[in-house]
């Protein structure tokens, strides 16, 4: 009894709950800000408020997805050499009951905002439904599971657009899908190379050669579609194309030479060249798109 009480001690479980919602992964929700920048609405305080609120709600939704996935895979994670230590539920840092309570609270919070920013919540609902399907079956379907992960980023961009009630170019959507497919493929590649199919059952149906082809095709599409977008919709953004190409080159260097890329978030945060490139790209976009 003493061991159980110590295992689920209040301060320890609070730390575990923080790990469970994975705040470091919230950087992915910056995709919500794309419409704010490319629509030139970043000087409009109301637009900034709506975008920040939508990004915050996507953080809640993403955390709910992580919790649901960890609850579903808790027994499998307990048998995994790394996840049994890193995942709070599998490591015993958080009780399943506490995780369920937190999950319900996140869903309740999102439901409450239905009356504040309904259009964004509708998009987030699609995101949650898609990830329910992913968690309870589709994550074992090769190719489909990669597209579901990538489509989550497209929904982030779309949510940012509907929150501002601005149209988004179809080029932006297809570019977002392409770059997201690239990142998802690289993540799967590194998981397969570094841990084999132990980390994900679906990885047994892939080969590194196949995933490399997926990633290369996605990277090429991202450059082509982004270039077409800038030339047809925002020609003044042509100066940003080299930054996009360099970022893809640098990312692939990290994957092939430095054996990174299993966590795109870690690469963006920790690699100085990637971080600098992204920062300069954003600064250039804002500078070019400043309202006159």
Criterion (touching a helix residue (DSSP H, G or I) at 6+ places or on another chain (Cβ under 6 Å) and more than 22 Å from residue 29 (Cα to Cα)) met by exactly one of 244, 288 = 288
Which is surrounded by 20 or more Cβ atoms within 10 Å (Cβ to Cβ) and part of a helix (DSSP H, G or I), of 121, 126, 101?
-> 121
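Residue by residue, here is whether (1) assigned by TED's automatic domain parsing to the domain that holds residue 48; (2) buried (at least 20 other Cβ atoms within 10 Å of the Cβ) holds:
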residue	(1), (2)
156	yes, yes
159	yes, yes
164	yes, yes
196	no, no
199	no, no
207	no, no
213	no, no
218	no, yes
Using the structure shown, decide if residue 244 is farther than 20 Å from residue 267 by Cα and either surrounded by 14 or more Cβ atoms within 10 Å (Cβ to Cβ) or more than 20 Å from the chain's Cα centre (by Cα) (or both).
-> no
In the set 278, 255, the lone residue that is in contact with a helix residue (DSSP H, G or I) (Cβ under 8 Å, 6 or more places away or on another chain) and surrounded by fewer than 17 Cβ atoms within 10 Å (Cβ to Cβ) is 278
Taking the range 222-262 as the region of interest, how many residues are closer than 20 Å to residue 34 by Cα and not in a helix (DSSP H, G or I)?
-> 2
Mind checking whether some residue in the range 58-77 is surrounded by 14 or more Cβ atoms within 10 Å (Cβ to Cβ), modelled with pLDDT under 85 and in contact with a helix residue (DSSP H, G or I) (Cβ under 6 Å, 6 or more places away or on another chain)?
-> yes
Determine if the range 207-221 includes at least one residue that is part of a helix (DSSP H, G or I), closer than 30 Å to residue 45 by Cα, modelled with pLDDT of 95 or more and out of contact with any strand residue (DSSP E or B) (no Cβ under 7 Å at 6 or more places or on another chain).
-> no
Is at least one residue of the range 267-290 outside the structural domain of residue 42 (by TED's automatic domain parsing), in a loop (DSSP other than H, G, I, E, B) and either free of Cβ contacts under 8 Å to residues at least 40 places away in the same chain or closer than 18 Å to residue 180 by Cβ (or both)?
-> yes
Quick check: anything in the range 151-174 in contact with a helix residue (DSSP H, G or I) (Cβ under 6 Å, 6 or more places away or on another chain), farther than 30 Å from residue 232 by Cβ, in contact (Cβ under 8 Å) with a residue 60 or more places away in the chain and assigned to a helix (DSSP H, G or I)?
-> no
Would you tally the residues in the range 1-38 being modelled with pLDDT under 90 and not in a helix (DSSP H, G or I)?
-> 3
In the range 258-269, what residues are on the phi < 0 side of the Ramachandran plot and surrounded by fewer than 18 Cβ atoms within 10 Å (Cβ to Cβ)?
-> 258, 263, 265, 266, 269
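The values are calculated or read from the model by the stated rules, or taken from the named source; none is laboratory data. Keep in mind that what you see is a predicted model, and the values were worked out from it rather than measured. All Cβ positions, glycine included, derive from the backbone under ideal geometry; neighbour counts span all protein chains shown.
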